[in-house]
Every structure is written in structure tokens, then in C-alpha cells.
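First the structure, in the form of C-alpha cells, and then the observations on it.
The values are calculated or read from the model by the stated rules, or taken from the named source; none is laboratory data. The model shown is predicted, which means the values in this text are computed figures rather than measured ones. Neighbour counts are summed over all protein chains in view; Cβ atoms, including those assigned to glycine, are modelled from backbone coordinates with ideal geometry.
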């Protein structure tokens with residue numbers, strides 16, 4: 001395994017990749033929430049920067065047009081492909097992202113699909129599955145995988161959705177903290193359900209929610225409830241040998257220090 005980091009796509013991607021190299025990282029997941037960056041000129045910039053600084057992009061994480069509210073009330077009606085009002089437009093965005101990923105030589109397209117309904121007979125569930133079939137087929141033509149980021153659904157719901165979509169280029173980007181933050185599962189136990197589909201992993205930590213309205217609290221890696229020694233052992237047992245990509249969304253003065261501590265922590269566990 002190797003340690004990577006989240007990097008947002010922006011106007012200064014050359015300087016951003018230079019900084020990653022100086023911090024000791026040689027791989028990242030590239031994240032984009034703005035379609036204006038998914039154009040040919042930015043693809044050229046990314047390709048030049050990754051070649052210059054020898055940065056491997058292990059996945060392209062694509063956001064979608066807002067609204068997006070990260071809680072338990074508005075989240076289910078605003079996030080991902082689940083809300084029918086936004087599904088068609090966001091499907092178009094993900095298809096555009098698949099083309100951009102191909103231009104920058106990235107095999108795995110990743111996103112949050114949303115709060116997948118646990119009832120497979122619901123109209124929203126059937127609608128999401130139909131949209132995902134379109135996306136999966138498009139990615140397959142591009143020689144790409146489509147990865148579900150974990151968190152907003154139970155592991156068995158995610159497994160069922162993958163099986164119902166039915167394409168062989170579907171996978172999971174395991175975010176162990178998200179499974180806790182959304183109160184959905186213990187991440188290590190979740191691997192017993194969907195482990196064979198894991199194609200990417202986030203290095204992120206956190207706690208279960210303490211009320212029914214808001215997500216649990218993210219913690220610096222190693223300070224939350226994720227048992228990383230056990231998680232890495234389990235990942236090795238299922239023959240996962242990819243990147244663990246550090247994601248730290250705690251925007252405070254300790255953020256960089258905590259990222260570097262996380263890197264050291266993970267490398268020692270490897």
C-alpha cells in the first residue's frame with residue numbers, strides 16, 4: 001500500500017503538485033466541484049504538472065452541481081443522484097467527468113451517489129439504478145471504473161445497488177470515517193459485506209453522530225473511532241494494495257500538521 005492525499009483541481013494545479021511533492025507525496029486523488037475545470041486546457045495543465053512532478057493521480061473525484069447540504073434532513077433531498085430533481089443534470093456532469101478523467105489518464109471516477117434508499121422497490125432507488133447503468137456503461141466504454149464513495153448508505157444497500165446496476169466496472173472508494181460520521185456501520189465490519197469491491201480507500205477518522213440531525217465529528221487520523229491497525233490488516237486480507245488517500249476536512253491551524261502526522265502514522269502501520 002501507499003499513502004496519498006486529496007488535491008483539489010484549481011487554477012494553480014502546477015504549484016499544488018509542486019507542494020505535494022515537497023510534502024513527500026507522490027500520489028493523490030484529484031477532486032473537482034466545478035465543471036469549468038473539466039475542459040481540455042485544464043487537462044493539459046494537469047498532464048504537464050503530473051509529469052513534471054511525477055505525481056500519480058489514483059482517482060478523479062467528481063462533485064456535481066449544487067445544492068448540497070451535509071446533514072440528515074436536507075442531505076437526502078439534495079445530495080448525489082438520489083433526488084430526482086437533480087438526477088439528470090448531475091448524470092451529465094458525471095459523464096463529462098468520465099471524459100475528463102480519460103484525458104488525464106485516470107482509471108477510477110469517484111463520487112457520492114447520495115442517500116441510497118434502503119427500500120429497493122422505491123421510485124428513487126429504481127431511478128438511481130437506471131442513471132447508474134448509463135454512467136457505468138459510459139465509463140466502461142472509456143476503459144474506466146465507477147466508484148461509490150461510502151458513507152450515506154448502509155453497506156448492504158450499497159452492495160445491493162452494485163449488484164442491481166450489474167456492470168463489472170463498479171467499485172467502492174472506502175471512506176471509513178464516513179461510515180461512522182453518517183452512523184451507518186463499523187468500517188471494518190463493512191468490509192465483510194462489500195470488501196471485494198474496494199478499489200480505493202480514504203485515510204480519514206471520526207466519531208458516530210450524537211444526535212439525529214447532524215453528522216458525527218471528524219477527527220485527526222488516529223484520534224477517532226476508526227481502528228486503522230485492524231482496518232489495514234483487513235485490507236491486506238482482501239488483497240487490497242492500492243493507495244490510502246488522506247482526507248482531512250478540519251480547516252484549522254493544525255490541518256497541515258495533522259496531515260503530515262497521518263502520513264507518518266499510516267506509513268508506520270504499513
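Does residue 221 satisfy being in a loop (DSSP other than H, G, I, E, B), surrounded by 12 or more Cβ atoms within 10 Å (Cβ to Cβ) and modelled with pLDDT of 95 or more? Walk me through how you get there before you give the answer.
Numbers: in a loop (DSSP other than H, G, I, E, B): yes; surrounded by 12 or more Cβ atoms within 10 Å (Cβ to Cβ): yes; modelled with pLDDT of 95 or more: yes.
So residue 221 fits the description; yes.
So that you can scan it fast, the table gives a plain yes or no per residue for (1) surrounded by fewer than 19 Cβ atoms within 10 Å (Cβ to Cβ); (2) within 22 Å of residue 202 (Cα to Cα); (3) under 20 Å from the mean Cα position of the chain (by Cα); (4) in contact (Cβ under 8 Å) with a residue 24 or more places away in the chain:
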| residue | (1), (2), (3), (4) |
| --- | --- |
| 1 | yes, yes, yes, yes |
| 5 | no, yes, yes, yes |
| 8 | yes, yes, yes, yes |
| 17 | no, yes, yes, yes |
| 24 | yes, yes, no, yes |
| 30 | no, yes, yes, yes |
| 38 | no, no, yes, yes |
| 41 | yes, no, no, no |
| 47 | yes, no, no, yes |
* Asked: Taking residue 28 and the conditions (1) within 20 Å of residue 137 (Cβ to Cβ); (2) touching a strand residue (DSSP E or B) at 6+ places or on another chain (Cβ under 9 Å), which numbered condition does it fall short on, given that it satisfies the others?
  -> (1)
* Asked: Within the range 202-215, how many residues turn out to be surrounded by 20 or more Cβ atoms within 10 Å (Cβ to Cβ), more than 15 Å from the chain's Cα centre (by Cα) and not in a strand (DSSP E or B)?
  -> 1
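Residue-by-condition table, conditions (1) under 26 Å from residue 25 (Cα atoms); (2) over 17 Å from the mean Cα position of the chain (by Cα); (3) at pLDDT below 95:
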{"position": "159", "(1), (2), (3)": "no, no, no"}
{"position": "168", "(1), (2), (3)": "no, yes, no"}
{"position": "171", "(1), (2), (3)": "yes, no, no"}
{"position": "197", "(1), (2), (3)": "yes, no, no"}
{"position": "232", "(1), (2), (3)": "yes, yes, no"}
{"position": "238", "(1), (2), (3)": "yes, yes, no"}
* To do: Just give me the residues in the range 49-62 being within 27 Å of residue 113 (Cα to Cα), touching a helix residue (DSSP H, G or I) at 6+ places or on another chain (Cβ under 8 Å) and crowded, with 19+ Cβ neighbours inside 10 Å, in sequence order.
  => 57, 60, 62
